[in-house]
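The values are calculated or read from the model by the stated rules, or taken from the named source; none is laboratory data. Because the structure is a prediction, the values reported are computed rather than measured. Here Cβ is always computed from backbone atoms with ideal geometry, including for glycine, and neighbour counts include all displayed protein chains. Surface areas here come from the heavy atoms of the whole protein model, side chains and all, with no ligands, DNA or RNA. Shrake-Rupley method; radii C 1.70, N 1.55, O 1.52, S 1.80 Å.
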Amino acid sequence: MSDGLDAREAAAAGMLGGDEETYRSLLQSIVDVARTIFAAEAASIFLFDEDADELVFEAVSGRGGDTLLGTRFPSSSGIAGFALVTRQPLVVDDLGSDPRFSSERAAATGYVPSSIVASPLLHDERVLGVLSVLDKAKDRPFGVAELELLGRFSTQAAIGLDLLLRARRARSALRGEGSAALVARVSSLLDDADDDAGVRLLEAIAEVLSRRS
């Protein structure tokens with residue numbers, strides 16, 4: 001039985017292992033690719049914090065990256081907030097004349113863009129955040145084609161982002177419970193089942209996890 005408990009502990013440790021690097025890498029890849037596709041000055045992802053009802057800068061490619069990460073603002077404000085609330089992509093070619101744009105907030109970052117295309121990150125009717133691309137080349141202004149392209153790109157990005165967010169929430173919940181408590185809970189659940197089969201299952205999981213480490 002002690003060998004079985006060790007296997008459970010190994011499996012729990014594997015499940016509790018952090019994967020924040022993967023999460024950050026995915027977000028950065030999305031904004032880097034978006035910026036490249038549109039030959040833009042910058043691209044960013046805002047994720048929707050439902051509990052706080054805020055949008056949070058989670059990834060930036062290009063200008064503004066040093067100061068924007070972690071910044072929060074009300075979810076219904078700004079161009080990104082408009083895309084989030086309406087769940088529709090939009091293009092603004094002259095941000096200076098758009099009342100939804102806060103030039104003061106932008107100036108605080110050291111970068112004031114002049115144009116933007118923004119698209120909500122939607123998955124299964126749930127809005128995860130907003131992807132925005134800023135200041136395309138002057139000889140290639142944003143238009144309908146760019147809006148459609150960003151919409152398609154956002155849909156694909158949201159699929160991967162949703163999976164990673166689910167995994168991230170699961171890992172957070174497991175960390176909060178603690179590995180010892182998790183092992184005890186799994187053990188109690190196995191008491192009503194075929195314990196040998198349960199142990200074999202967790203041993204197999206531990207073996208897979210050990211190969212990845």
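So here's what we get for this one:
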{"item": "Given (1) out of contact with any strand residue (DSSP E or B) (no Cβ under 7 Å at 6 or more places or on another chain); (2) in contact (Cβ under 8 Å) with a residue 24 or more places away in the chain; (3) surrounded by 15 or more Cβ atoms within 10 Å (Cβ to Cβ), number of the condition Ala108 does not satisfy", "result": "(3)"}
{"item": "Candidates Ser103, Ser97, Ser76, filtered to the one that is among the polar types (S, T, N, Q), farther than 30 Å from Leu164 by Cα and open to solvent by 70 Å² or more (accessible area, probe 1.4 Å)", "result": "Ser97"}
{"item": "Members of segment 55-72 found to be touching a helix residue (DSSP H, G or I) at 6+ places or on another chain (Cβ under 7 Å) and either open to solvent by 20 Å² or more (accessible area, probe 1.4 Å) or farther than 16 Å from Ile30 by Cα (or both), listed by number", "result": "Leu55, Phe57, Glu58, Gly62, Gly64, Thr67, Leu68"}
{"item": "All positions within segment 60-90 that are part of a helix (DSSP H, G or I), closer than 16 Å to Ala106 by Cβ and among the β-branched types (Val, Ile, Thr)", "result": "Thr67, Ile79"}
{"item": "Thr22 out of contact with any strand residue (DSSP E or B) (no Cβ under 9 Å at 6 or more places or on another chain) and closer than 13 Å to Leu134 by Cβ", "result": "no"}
{"item": "Residues that are touching a Ser or Thr at 6+ places or on another chain (Cβ under 7 Å) and part of a loop (DSSP other than H, G, I, E, B), drawn from segment 108-117", "result": "Gly110, Val112"}
{"item": "The one condition in (1) assigned to a strand (DSSP E or B); (2) within 21 Å of Arg63 (Cα to Cα); (3) out of contact with any Leu (no Cβ under 6 Å at 6 or more places or on another chain) that Leu150 fails to fulfil", "result": "(1)"}
{"item": "Candidates Arg105, Arg100, Arg140 - the one that is modelled with pLDDT under 85, outside any strand (DSSP E or B) and over 19 Å from Phe38 (Cβ atoms)", "result": "Arg105"}
{"item": "Search result, residues across segment 25-54 that are assigned to a strand (DSSP E or B), over 15 Å from the mean Cα position of the chain (by Cα) and either crowded, with 20+ Cβ neighbours inside 10 Å or on the phi > 0 side of the Ramachandran plot (or both)", "result": "Ala40, Ala42"}
